[in-house]
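For reference, the structure is listed below as C-alpha cells.
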Amino acid sequence: MKAVLYRTYGSPDVLHCEETEKPRPGDDEVLIRIRAAAVNPMDCHFMGGTYIMRPMTGLFKPKPTCPGVDLAGEVEAVGSKVTRFRPGDAVFGVGRGALAEYACARENKLALKPANLTFEAAAAIPVAGLTALQGLRDKGRIQRGQNVLINGAAGGVGTFAVQIAKSFGANVTAVCSTRNTELVRSIGADRVVDYSREDFTRIGQRFDLLFDCVGNRSLFECRRVLTPTAIIVPCGARPGGRWIGPLPTLLKLLVSSRFVKQKVVFFIASVGTDDLNVLKTLIEAGQVTPVIDRRYTLDQAHDAIAYLKEGHAKGKVVLLLRPSNSRCSAGDHRGDGWCAME
C-alpha cells in the first residue's frame, strides 16, 4: 500500500509517499481502507522534531513514521474482540498513521460516519470537533443564554466551536481576520470582530466564557471583557518554538491564572465513540457542518502540511485517497472555507 512516511525530523519536505506493508489490526482494532484523512498542528510538532516530543518519537532520529490521526473510510477487517463494526461499514475517528491507503484504529475511537457527510468532511471532524465539544461542554460548562467569546474562530477548532456553542443556545462573538468574517458569520456567529480593525479586549461587552484557540493576548488583557465568574478555556495550537514548542506560552498562562478571579481550565481532548456520536448527531441534525479549506491528494501531503504550518487555514485541511462524490476535486486546493455536505 502507499503511505506518507518520514525518516528524519524537519520541514514538510521530509515527507515522502512510499510503498509499505499494510498494517494488521490487533484484537480490539479495526483495519480501515482510508477514503480521506485530515492533518493537525500536532502532526507538525512530531514531524518537525520539537524537542519536548522527542522522548516519544526518538531523540536523534525517528523511526519511519506515518503521520496523521484523523480519518474516514470503510472497514476492511476487524480484530477478534471487535463487536461494534463489520467489514463494509463507513466510519470516522482517530487511528494511527492515517496518511496512508490503510490504517488501524481501536474500536473505541471510531463511530459510524454521519449519513449526510462526504468521507472528506467526516475526516475533518475528530480532533478538532472533539476539542471544541469537550472544551465548551465539559471544561467551559457552557449554558444557554451565555455570552461566549471565541478567539480564532476561523480555524479548525474554531469553526466547530462557533457552531457547537450555538447548538447549546449561547450568544457567540467570534474573533477572526478580515478575510474570514463572512465565513464565520455564515456558520452562526452573532457578532464577528475583525481583529485587524478592532481590539476584542476593548469591545465593551462582558463574556461568561472565553474559548481561546490562538493564545495571542495575555490573560490580563482578556480579563477586560470577562465577567468575574467567567471561565477561560485555552485550546488548539499555541505560539511556540522548536525546542519546547508551546510550553513557555502555557506556563506563562498557568502562572498568570493564579492572580485572577476567573477560572482557567487546561485540557487535552480525549477520543471516544460516545462523543464522536454526539458530534454525529449534531451534524445529522444540521447544527454543525465541517468547514474544509483545502483538499490535497496523498502524494501532496508535504504541501498540505506546509499550508497548515502557515497558520492561516480556514477550517480543516484534508487529504483524499479515493474517488469521492464531493463537489470539489482533490488538487484544486479550494480556499473559500466551503462547508462540505452531501
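Taking R0 as 56 Å, what FRET efficiency do you get between Arg202 and Ser11 from their Cβ-Cβ distance, rounded to the nearest 0.05?
It comes out at approximately 0.90.
Suppose R0 equals 56 Å; then what is the FRET efficiency for Arg179 and Asp27 from their Cβ-Cβ distance, rounded to the nearest 0.05?
Efficiency, from the Cβ-Cβ distance: 0.70.
How far apart, in nm, are two points set 7 Å out from the Cα along the Cα-to-Cβ line at Ile268 and at Arg137?
Roughly 2.1 nm, to one decimal.
In region 122-208, what percent of the accessible surface is made up of carbon and sulfur (1.4 Å probe, ligands and nucleic acids excluded)?
41
Please sort by residue number the trypsin sites (Lys or Arg not before Pro) in region 147-206 whose DSSP state is loop and whose Cβ has at most 10 other Cβ atoms within 10 Å.
Arg197
With each label point set 7 Å from Cα along the Cα-Cβ vector, what nm distance links Asp89 and Thr227?
With each label point 7 Å from Cα toward Cβ, the separation is 4.2 nm.
How big is the Rg/Rh ratio for region 1-139, C-alpha atoms only, Rh by Kirkwood, two decimals?
0.98
How far is it, in nm, from the label point at Ser80 to the one at Ser218 when both lie 7 Å from their Cα along the line to the Cβ?
6.0
Going 7 Å from the Cα of Asn277 along its beta-carbon direction, which residues of region 26-43 have the amide nitrogen within less than 17 Å of the resulting point?
Hits in region 26-43 for Asn277 at 17 Å: none.
Quick one: grab the alpha carbon gyration tensor of region 189-229, order the square roots of its eigenvalues as a ≥ b ≥ c, and give me rounded if a/c is under 1.5, else prolate or oblate depending on whether a/b is larger than b/c.
rounded
Checking the a/c ratio against 1.5 first, then a/b against b/c, what shape does the Cα gyration tensor give for region 74-184?
In terms of gyration-tensor shape, prolate.
Does region 160-243 come out rounded, prolate or oblate by the C-alpha gyration tensor, with a ≥ b ≥ c the root eigenvalues, rounded set by a/c under 1.5 and, if not, prolate when a/b is larger than b/c and oblate if not?
rounded
Could you pull out every residue, at least 5 positions away or on a different chain, whose amide H is within less than 5 Å of the one on Arg96? Hs are placed 1.01 Å off N in the peptide plane, and Pro or chain starts have none.
Correct list: Cys104.
The values are calculated or read from the model by the stated rules, or taken from the named source; none is laboratory data. A quick note: this is a predicted structure, and the numbers were derived from the prediction, not measured. Positions of Cβ are backbone-derived with ideal geometry, glycine not excepted, and every protein chain shown enters the neighbour counts. Each accessible area value is taken on the protein alone, full model and side chains, heavy atoms only, with ligands, DNA and RNA left out. Shrake-Rupley method; radii C 1.70, N 1.55, O 1.52, S 1.80 Å.
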